[in-house]
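Input: a single structure, listed below in structure tokens.
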Amino acid sequence: MLCKRVIPCLDVRDGKLTKGVRFKGNVDIGDPVESARRYYEEGADEIVFYDITASHERRGIMLKVVEKVASQIFIPFSVGGGIGSVEDMRQVLLAGAEKVSVNSAAVKNPQIISEGAEAFGSQCIVVGMDVLWVGKSKLIPSGYEIVIHGGRKRMGIDALWWAREVERLGAGEICLNSIDADGTKDGYELRLTRMIAENVRIPVIASGGAGHPRHMVEAVTEGKASAALIASIVHFGEYSIYELKKYMYERGVPVRMSW
Amino acid sequence: MIVIIDYFAGNLTSVKRGLDYLKIPCEITSDKTRIKKSMGIIFPGVGAAGSAMRNLREQGLDDVLKEEVERGKPLLGICLGCQIVLDYSEENNTPCLGLIPGRCVRFSEGLEDEWGKRINIPHMGWNQVNIIKKNPLFQGVPQDSNFYFVHSYYPSPEDAFVLGKTRYGIEFCSVMGRDGLWALQFHPEKSGRIGLTILKNFYNYCKEV
């Protein structure tokens, strides 16, 4: 039986692990390689790195991080943030990542999805979607709109339409982030998650809103997601990955419990 | 020295990183002399069967692999490298190496999982391997351990070669072979410590023979 995956997400800026804290901007909270290794040892099924380095010149630092991670942890991991071309993808994959994730770049230039899938295989290409509830309208029939730049820019694209479109273009997976739920710790946006998961045949990773292991169970049952992305809930030591998985396992969710 | 066969079939470095971590001497090569001199061969691969077989033939590596296996050199196929040790693959209708009798077939579209939901293809993620025949490769690996899979086709060898099975819509063969010749549909190099155990076991076997 295919397991539901638990995926910690690490934001990296200039080679350091960072976390957005409301009203305070981003604070550095440690070394991404160390954290990745700890999560690996605690039973993470996969790891997502998101490079939020602002300046282009410093992006080489991220590749060094990717290489270090790849030589120490032996589960799949993906890298996103600032990937704008097939060449960017190639560099990250050669450095040892299993998958790359594209978000804004795919909205602006959907061709990058098919080019990436053609060059490296669909299984390598994750499309990140940032989604905002705007209410149903003629332009946005599902009521969920695609936004970019961390939710600051609305794109006038319906999220359900976009999900089907990225699948058609060859995406291997969708990482679905609800801007409304993100950072609330009130749980994932289940209605959105379920709507997307029921309408595509590629795995959907639920993202945004996890504050309690209960939310993760909801994401993969009610929400029908294949995986649950988490951040704050583990970064600040509230729970270990093992505790989260044990909670899920005890509630009947198929998860990988020994490694 | 363990050789990892280089035949332009996807990312080979992840297997090398696993072996490096385990401090197992290894190199990525397509050089026939190096392959012949090695104590064991790892045959990985990501991509499509058609182009993989074409690359192997163009480099004359198909014959080298067959000869080495005939001479008793241990070989471990991984993922695509697992599929093309069979006689034939449905992917691009490709005649393959024929080291293990059988075919490689595609998951049918209509298959359903345990909850009656249509399965996604590719089969991607962590799934259990049920070992039905004890073998040196799985020494120290608990029954029904999870391994990382990414594939749309699966091996279907003759029954005598089935060593382990996995359930995804149907029950398929995820580990096959005989002593000294093994093929894994999953990625041991991406399956955590338990996956690395398999690579270590393969190396230990190579040292002994």
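Charge tally for B:S30 (other residues, Cβ to Cβ under 11 Å; Lys, Arg +1; Asp, Glu -1): -2.
Mean per-residue shielding of peptide A:253-259 is 5, counting Cβ atoms of other chains within 10 Å of each Cβ. Below 8 Å between Cα atoms, with a sequence gap of 6+, how large is the relative contact order for the stretch B:15-99 in percent? Relative contact order comes out at 30 percent.
In this structure, B:R34 and A:H149 have a Cβ-Cβ separation that, at R0 = 45 Å, corresponds to a calculated FRET efficiency of about 0.35. Looking at chain B alone, DSSP beta bridges between its own residues are antiparallel in about 65 percent of cases.
Ellipticity at 222 nm from helices only: DSSP H runs of n ≥ 4 in chain B, each -39500 (n - 2.57), divided by the residue count, give -7500 deg cm²/dmol.
Spin-label pair B:F8-B:L22: with each label point 7 Å from Cα along the Cα-Cβ axis, the two points sit 2.9 nm from one another. Taking label positions 7 Å along the Cα-Cβ direction at both A:I29 and B:N130, the computed distance is 4.1 nm, reported to one decimal. Over chain B, the Kirkwood radius and the radius of gyration, each from Cα atoms, give a ratio Rg/Rh of 0.94. Between the amide H of A:G209 and those of A:G183, A:T184, A:K185, distances stay under 5 Å, these residues lying 5 or more places away or on another chain, with hydrogens modeled in the peptide plane.
Compute the separation of the alpha-carbon centres of the stretch B:116-161 and the stretch A:210-259 and state it in Å as a whole number. Rounded to whole Å, the Cα centres lie 24 Å apart. Under the criterion of Cα pairs below 8 Å and six or more residues apart, the relative contact order for the stretch A:127-234 equals 22 percent. Once the C-beta distance of A:E87 and B:A160 is scaled by a Förster radius of 56 Å, the resulting FRET efficiency is 0.75 to the nearest 0.05.
Determine the shape class of the stretch A:5-75: with a ≥ b ≥ c the square roots of the Cα gyration tensor eigenvalues, call it rounded for a/c under 1.5, and otherwise prolate if a/b is greater than b/c, oblate otherwise. Oblate shape, in that a/c is at least 1.5 and b/c is the bigger or equal ratio. Looking at chain A as a GNM with Cα springs under 10 Å, which of A:I157, A:I47, A:I202 has the largest mean-square fluctuation? The residue with the greatest mean-square fluctuation here is A:I157. Eigenvalues of the alpha-carbon gyration tensor of the protein assembly as shown, scaled by 5 and square-rooted, set the equivalent ellipsoid semi-axes at 37, 23, 22 angstrom, largest first. Measuring r between the beta carbons of A:F236 and B:D113 and using R0 = 60 Å, the FRET efficiency lands at 0.95.
Electrostatic bookkeeping for B:G47 treats Lys and Arg as +1 and Asp and Glu as -1; over the other residues with beta carbon under 12 Å from its beta carbon, the sum is -1.
Can you pull out the trypsin sites (Lys or Arg not before Pro) in the stretch A:87-156 that DSSP calls coil and that have at most 15 other Cβ atoms within 10 Å? Taking the stretch A:87-156 and a limit of 15 other Cβ atoms within 10 Å, the loop trypsin sites (Lys or Arg not before Pro) found are A:K136, A:K138, A:R152. Over the residues of chain A, the helix contribution to mean residue ellipticity at 222 nm works out to -9500 deg cm²/dmol, using -39500 (n - 2.57) for each DSSP H run of at least 4.
Cβ crowding within 10 Å ranks B:H123, A:H149 as A:H149, B:H123, fewest other Cβ atoms first. Please work out the C-alpha center-to-center distance from the stretch A:1-76 to the stretch A:118-155 and express it in whole Å. The stretch A:1-76 and the stretch A:118-155 have Cα centres separated by 23 Å. Each Cα pair under 8 Å and six or more residues apart adds its sequence gap; the mean of these over the residue count of chain B is a relative contact order of 19 percent. Over all other residues within a Cβ to Cβ distance under 13 Å of B:F107, the charged ones net out to -2, with Lys and Arg as +1 and Asp and Glu as -1. Put in line by how crowded their Cβ is, counting other Cβ atoms within 10 Å and starting with the fewest, A:H235, A:H215 read A:H235, A:H215.
No lab work stands behind these numbers, since they all come straight from the coordinates. What you are looking at is a predicted structure, and each value in this text was computed from that prediction instead of being measured. Here Cβ is always computed from backbone atoms with ideal geometry, including for glycine, and neighbour counts include all displayed protein chains.
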